[in-house]
1. Any idea what Rg and Dmax come out to for the chain if you just take the C-alpha atoms, in Å?
2. Tell me the per residue accessible area of the chain using a 1.4 Å probe; a whole number in Å² is fine.
3. Quick one: check the C-alpha center-to-center distance for the stretch 1-38 versus the stretch 59-114, whole angstrom.
4. When a/c is below 1.5 the answer is rounded, else prolate if a/b is larger than b/c, else oblate, so apply that to the stretch 1-45 with a ≥ b ≥ c taken from the square roots of the Cα gyration tensor eigenvalues.
5. With n ≥ 4 as the cut-off for DSSP H runs, can you work out [θ] at 222 nm for the chain, using -39500 (n - 2.57) per run divided by the number of residues, rounded to the nearest 500?
6. Would you please state which residues of the stretch 69-87 a label at Ala6 would reach in this model, taking the label point 7 Å out along Cα→Cβ and a backbone N cut-off of under 20 Å?
7. Looking at the stretch 8-114, which trypsin sites (Lys or Arg not before Pro) are in a loop (DSSP not H, G, I, E or B) and have at most 12 other Cβ atoms within 10 Å?
8. Relative contact order (percent) for the chain, with alpha-carbon contacts under 8 angstrom and 6 or more residues of separation?
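The values are calculated or read from the model by the stated rules, or taken from the named source; none is laboratory data. In this text, all values refer to a predicted model and were calculated from it rather than measured experimentally. Here the Cβ positions follow ideal geometry from the backbone for every residue, glycine too, while neighbour counts run over all protein chains shown. Surface areas here come from the heavy atoms of the whole protein model, side chains and all, with no ligands, DNA or RNA. Shrake-Rupley method; radii C 1.70, N 1.55, O 1.52, S 1.80 Å.
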Amino acid sequence: MPVDEALNARMRDALAAHAGISEKQMMGGQCFFLNGNMLCGARRHNDGVGRFMFRVGKAHEAGALRDPTAEAVVHGTRKLGGFVRSNEGDCDDAALLRWLALCLEHAAALPAKD
């Protein structure tokens, strides 16, 4: 499945003010990192729906899943603890910034990776 540049551009724009952001293609899409720690990702799935993935951390996962637009992330057959996803249509700019605030808080508490 191709990388979705429109979804990636939204993520880049939302993260533009933050230092230490990098990107890498993985998990079938584009993932974004803060100081080497995964923050989030974006991809268009086989069903044609674009989705954002957010690493909110296990401490915030239960609260994040109470949001009706959020779902647990399952990669293959494995549920990824501390991750949620949201469809692009449910994630306007304000919602994207709210999700990224949780991701940035979680990643900033982790030691930097090379």
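1. 12.9, 36
2. On the way: 6190 Å² over 114 residues.
For the chain, the per-residue accessible area is 54 Å².
3. The distance from the Cα centre of the stretch 1-38 to that of the stretch 59-114 comes to 14 Å.
4. On the way: a/c = 2.93, a/b = 1.46, b/c = 2.01.
It comes out oblate by the Cα gyration axes.
5. Details: 3 runs with 35 residues, N = 114.
It comes out at -9500 deg cm²/dmol, rounded to the nearest 500.
6. Under 20 Å, as judged by backbone N against the label point of Ala6, lie 86-87 of the stretch 69-87.
7. Numbers: sites: Arg10, Arg12, Lys24, Arg43, Arg44, Arg51, Arg55, Lys58, Arg66, Arg78, Lys79, Arg85, Arg98, Lys113; in loops: Arg66, Lys113.
Answer in residue order: Arg66, Lys113.
8. Working: 189 pairs, mean separation 28.3, N = 114.
Reported relative contact order: 25 percent.
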